[in-house]
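The values are calculated or read from the model by the stated rules, or taken from the named source; none is laboratory data. This is a predicted model, so every value here is computed, not measured. Ideal geometry is used to build each Cβ from the backbone, glycine not excepted, and the neighbour counts take in all protein chains shown. Please note that ligands, DNA and RNA were not included when accessible areas were found on the heavy atoms of the full protein model with its side chains. Shrake-Rupley method; radii C 1.70, N 1.55, O 1.52, S 1.80 Å.
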Amino acid sequence: KAKISDGINHLTYDQELANAITKRSHIAFALQNVIEKQEFCLHYQPQYRLSDGALTGVEALIRWQRDDGRFVSPAEFIPIAERTGQILEIGQWVFLEAFAFHKRCQRADMPVFRLAVNVSAKQLNAPNFVENLSLALLQTGIGAEQIELEITESSLVSDLDHTVEILHQLRDRGFQIAIDDFGTGQSSLSYLHKFPIDRLKIDRSFLAPILKESDESPIAKLLVNLSKDLGIEVIAEGVETPIQKAYLTDIGCDEVQGYHLDHPMTEEDFIRKFSVHSIISSKLQLPFTATN
Ligand code: C2E
Ligand code: MG
Ligand code: MG
Ligand code: MG
C-alpha cells in the first residue's frame, strides 16, 4: 500500500472515498423498490445499415427517473446493481419490457428489426440465465431469432470456458450475440475466435479521432477488417457526425448507431417515426395530414 505522507491529502482521500461509498449505498438502497415504484423505463436507439440506410436493429437502454424527477445514468447505477446482485431482477424486467415492446411493434405493422438488449456479466453467469430468458420469450410471445444480446468484452473473459458454453446454449436457442464496447476490454484478440458471436460493436472512443475528412481511425479500420475475416457483422456505436458516418462507409463498416442518426427515444417517438403510416407520409411529402 502506498503511504500518504501529506495529512491533508490523506484526509481528502478518505473523505472522497467515504462520500463515494455513501453515494453507492444510497443508490443501492434506492434501487430496492424501483421496479414496484415503476421508476424504470426503456428508451430505444435505432441501428442502420450503411449500404442502403435501412433500419436493421434497435438497442434498448434503461432509464431511471427518481421520484424527485432526476435521472440517474445507467453508467452509474448498473455497476452498483451488479455488485449488489440487484441486476438479476432489473435484467429480467428489461427482458420482459423490451420483448413486449418488440411485440407491440410487430402488431403495429412496423418494419422488422432485431432488438438488442444489454446483458451484464453477473446475469450471464447466473444459474438460470438461459431459462429465465426463454421464460421472458414465452411470456411475451416473441422468437429468439429477433433478439440480440449485447455482452461487453470484459464480461466474456472472467470465466472463459463457462461463458463460451453459455453463449453456445444461447445461440442454439436462436439468439444473436454481439460484443459491446469492443476494443476497450481486457480480452486478447486470440480469444475472439472461441466466442460464437454474430456481431462486433466498435466502441465510440475509436471514432473520436475522426474530426475532419482526411482523418483516419486505424483501430476502427482494423476492427472492421477483423470482423470481415472472422465472417461476422460489425456496427459502430457513438456515431456523432456525418464525417464519421462517411468514414465508416469508406472502410466497409456494416451498420451505425449514434446521435448523428438518432438519440435513444421513447417508444411513442419510435413508433411515430417508423410506423408504416409515417414512413409513407414522409416519402410522399403530403402537404397536410388528417387530424382525426
Ligand atoms: P452501451 O450498451 O455501450 O450503450 C451505449 C451508450 O452510449 C448509451 O448510454 C447511449 O445512450 C450512448 N450513446 C448512443 N449514441 C451516442 C453518441 O452518438 N454519442 C455518445 N456520446 N453516446 C451515445 P446510456 O444509455 O447512458 O447507457 C450506458 C451504459 O449502461 C450502456 O452502454 C450499457 O453498458 C449500460 N446499460 C444501459 N441499459 C442497460 C440495461 O438494460 N442492462 C444492462 N445490463 N446495462 C445497461
Ligand atoms: Mg450496448
Ligand atoms: Mg457500447
Ligand atoms: Mg458501455
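Bridges between two residues of the chain, per DSSP, are antiparallel at a rate of about 35%. DSSP finds beta bridges in region 35-183, and of those with both partners inside it, around 45 percent are antiparallel.
Below 12 angstrom from the Cβ of Lys194, what's the summed charge of the other residues (Lys, Arg +1; Asp, Glu -1)?
-2
Averaging the sequence gap over all C-alpha pairs within less than 8 Å and six or more residues apart, then dividing by the number of residues, gives the chain a relative contact order of 17 percent.
Mean residue ellipticity at 222 nm, helices only, the chain: -13500 deg cm²/dmol; runs of at least 4 DSSP H residues each add -39,500 (n - 2.57), and the sum is divided by the number of residues. Descending by average beta-carbon neighbour count within 10 Å, the peptides 96-104, 134-142 line up as 96-104, 134-142, the highest first. Packing, as the average of other Cβ atoms within 10 Å across residues, places the peptides 173-181, 69-77, 195-203 in the order 195-203, 173-181, 69-77, highest first. Phi angles across region 102-116 convert, under the Karplus curve 6.51 cos²θ - 1.76 cosθ + 1.60 with θ = phi - 60°, into 3J(HN,Hα) values of 4, 4, 4, 5, 4, 5, 8, 6, 7, x, 6, 8, 8, 10, 9 Hz, Gly and Pro given as x.
In the assembled protein chains, Tyr247 presents an accessible area of approximately 20 Å² (probe radius 1.4 Å).
Which of rounded, prolate or oblate describes the chain when judged by the alpha-carbon gyration tensor and an a/c cut-off of 1.5? Rounded.
At a 1.4 Å probe radius, carbon and sulfur cover how many percent of the accessible area of region 98-228?
Solvent-exposed carbon and sulfur of region 98-228 make up 52 percent of the total.
The lysine pair tally for the chain, using Cα distances under 19 Å and a gap of 8 or more places or different chains, is 10. Distance between the C-alpha centres of region 115-171 and region 239-274: 25 Å, rounded to the whole angstrom.
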